[in-house]
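Quick notes on the structure that follows.
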Amino acid sequence: MATGLFSSFPSSLPCRSYHPISLKKRPRRAFFIASSSTEGSGEDKKQSSGADDKSSFNPFGFVTDNPSSRSAIQLPESPAEDGNVGQMLYRIEDKGKDYGSYVKAGKLRWFVRETGSSNSRNGTIIFIHGAPTQSYSYRVVMSQMADAGFHCFAPDWIGFGFSDKPQPGYGFSYTEEEFHIEFDKLLSVLGVNSPFFLVTQGFLVGSYGLTWALKNSDKVLKVVILNTPLTVSSQLPGLFQKLRIPLYGEFTCQNAVMAERFIEAGSPYVLKLEKADVYRLPYLSSSGPGFAILEAARKANFKDILSRIESGFSSLSWQKPLLVAWGISDKYLPKAEAEEFQKRNPGAVKLDLLEGAGHMPQEDWPEKVVEALRLLQISALEEIWIAFNLLESL
């Protein structure tokens with residue numbers, strides 16, 4: 001049985017006869033944004049103002065304060081209809097595996113989403129997610145980029161999503177170096193031998209995508225950054241600060257709604273229940289994902305990582321085209337951070353500001369991300385610029 005926090009609630013299976021749990025909640029204001037676009041464009045999305053009034057203490061606030069969680073934690077009209085975590089898992093266990101399959105690389109099994117084919121005319125894109133989420137966030141972007149002629153892969157990092165979550169010390173210890181080594185093994189198994197386009201987003205393992213690129217610049221054609229900490233001035237979100245506190249971190253990592261809360265806190269939108277289900281599923285299934293993130297967060301030297309990213313992509317160090325597509329409604333990372341990063345290397349870095357998108361643009365507004373990525377092909381001018389810089393460095 002799952003060990004997440006939902007296990008303590010009598011029911012978590014929504015149905016028409018259920019009523020929301022009667023706990024005092026901090027009020028939130030919300031409204032709908034009208035749009036003619038498809039999923040992710042703002043259609044039928046509730047927008048959260050983030051303005052919370054001070055109210056009486058709510059002991060269950062860590063679970064019920066975000067809207068998608070409140071809709072999942074419910075009480076039935078009669079005890080005989082009581083649901084439990086097992087029933088909830090049965091309802092959602094097949095969700096969220098769009099375009100995905102399992103791939104064995106070395107001793108570890110990865111869950112990898114794939115669209116397009118190896119003979120796609122425009123090349124290969126590898127999409128990297130951040131913590132505490134999963135590659136599910138790229139599903140819409142991947143589908144549309146395949147239609148645009150790209151071969152796309154989006155793996156769940158080891159310890160995240162549907163990939164293996166080994167116990168720390170038994171073949172994998174969740175260090176940056178180990179993530180890089182296993183990522184190299186995965187690329188080899190996937191047959192990604194030619195230089196590819198790398199898209200990365202988010203904290204922790206999202207940053208590891210950038211530090212991998214710095215060590216393997218010959219393997220990438222172009223790097224695209226979606227809302228990832230880029231400078232030493234980046235503030236660490238509260239989630240990762242809590243994970244690093246002894247004992248309190250062990251409690252925090254077993255919050256079954258951790259991922260969806262993190263997404264909503266960094267976005268102007270509220271997740272629909274069917275999407276929130278997928279993000280919470282790994283945490284409901286076992287305690288493994290929580291302890292994996294706990295271990296990764298405690299092993300990471302965030303200041304050192306950001307220092308290497310900040311200096312590594314400076315004008316004197318980085319010689320490949322780099323696109324920063326930035327959701328300007330990000331509540332974790334301000335627009336000023338992307339602008340500061342672009343000024344350090346204006347010759348290589350192009351900045352594309354995405355209005356209406358938050359910390360996860362690929363989830364908030366995938367169409368705008370696709371629009372930015374459609375320009376991924378290396379232009380003739382960029383090829384000349386790369387060749388010139390390579391010759392200059394010899």
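The values are calculated or read from the model by the stated rules, or taken from the named source; none is laboratory data. What you see is a predicted model, and the numbers here were worked out from it, not measured in a lab. Note: ideal-geometry Cβ built from the backbone for every residue, glycine included; neighbour counts use all protein chains shown.
Could you check, for region 364-371, whether at least one of its residues is surrounded by 16 or more Cβ atoms within 10 Å (Cβ to Cβ) and within 20 Å of P195 (Cβ to Cβ)? No: zero hits. When W110 is tested against (1) under 21 Å from N216 (Cβ atoms); (2) part of a loop (DSSP other than H, G, I, E, B), only condition (2) is not met. D218 passes every criterion in (1) in a loop (DSSP other than H, G, I, E, B); (2) of a type outside the set (S, T, Y); (3) surrounded by fewer than 16 Cβ atoms within 10 Å (Cβ to Cβ) apart from (1). Over 20 Å from V220 (Cα atoms) and buried (at least 21 other Cβ atoms within 10 Å of the Cβ), is that true of E355? Spelling it out, it is not the case that E355 is over 20 Å from V220 (Cα atoms) and buried (at least 21 other Cβ atoms within 10 Å of the Cβ). Selection within region 242-261: residues that are assigned to a helix (DSSP H, G or I) and among the aliphatic types (A, V, I, L, M). The member of this set that is farthest from S329 (Cα to Cα) is L243. Filtered by the rule that a residue be under 26 Å from I245 (Cβ atoms) and buried (at least 21 other Cβ atoms within 10 Å of the Cβ), region 307-350 gives I309, D330, Y332, L333, E337. In region 262-277, of all residues being in a helix (DSSP H, G or I) and at pLDDT below 95, the one that is nearest to P366 (Cα to Cα) corresponds to K275. Can you confirm whether I225 is surrounded by fewer than 20 Cβ atoms within 10 Å (Cβ to Cβ) and assigned by TED's automatic domain parsing to the domain that holds D352? No, not satisfied.
For region 249-260, residues that are farther than 18 Å from Q362 by Cβ and within 15 Å of the chain's Cα centre (by Cα) total 2. Selection of region 168-187 for residues being in a loop (DSSP other than H, G, I, E, B) and free of Cβ contacts under 8 Å to residues at least 40 places away in the same chain yields G169, Y170.
Spot the failing condition for G161; the list is (1) under 19 Å from N301 (Cβ atoms); (2) crowded, with 22+ Cβ neighbours inside 10 Å; (3) small (G, A, S), and only one is missed. All conditions are met except number (1). Quick one: which of T133, T175, T211 is surrounded by fewer than 24 Cβ atoms within 10 Å (Cβ to Cβ), closer than 22 Å to G266 by Cβ and within 21 Å of the chain's Cα centre (by Cα)? Exactly one residue qualifies, and that residue is T211. Within region 207-224, the set of residues being in contact (Cβ under 8 Å) with a residue 24 or more places away in the chain and in contact with a Leu (Cβ under 7 Å, 6 or more places away or on another chain) comprises G209, V220, K222, V223, V224. Just one of the listed residues (G161, G123, G106, G130) is assigned by TED's automatic domain parsing to the domain that holds F240 and in contact with a Lys or Arg (Cβ under 6 Å, 6 or more places away or on another chain), namely G106. Mind counting the residues in region 270-297 that are within 20 Å of Q201 (Cα to Cα) and either free of Cβ contacts under 8 Å to residues at least 60 places away in the same chain or out of contact with any Phe, Trp or Tyr (no Cβ under 9 Å at 6 or more places or on another chain) (or both)? Residues that pass the stated criteria total 3.
Among the residues of region 272-293, write down those that are touching a strand residue (DSSP E or B) at 6+ places or on another chain (Cβ under 9 Å) and buried (at least 20 other Cβ atoms within 10 Å of the Cβ). Result: I293, single match. Can you tell me which of (1) in a helix (DSSP H, G or I); (2) at pLDDT below 95; (3) in contact with a strand residue (DSSP E or B) (Cβ under 6 Å, 6 or more places away or on another chain) is the one Q87 doesn't meet? Tallying (1) in a helix (DSSP H, G or I); (2) at pLDDT below 95; (3) in contact with a strand residue (DSSP E or B) (Cβ under 6 Å, 6 or more places away or on another chain), Q87 fails exactly one: (3).
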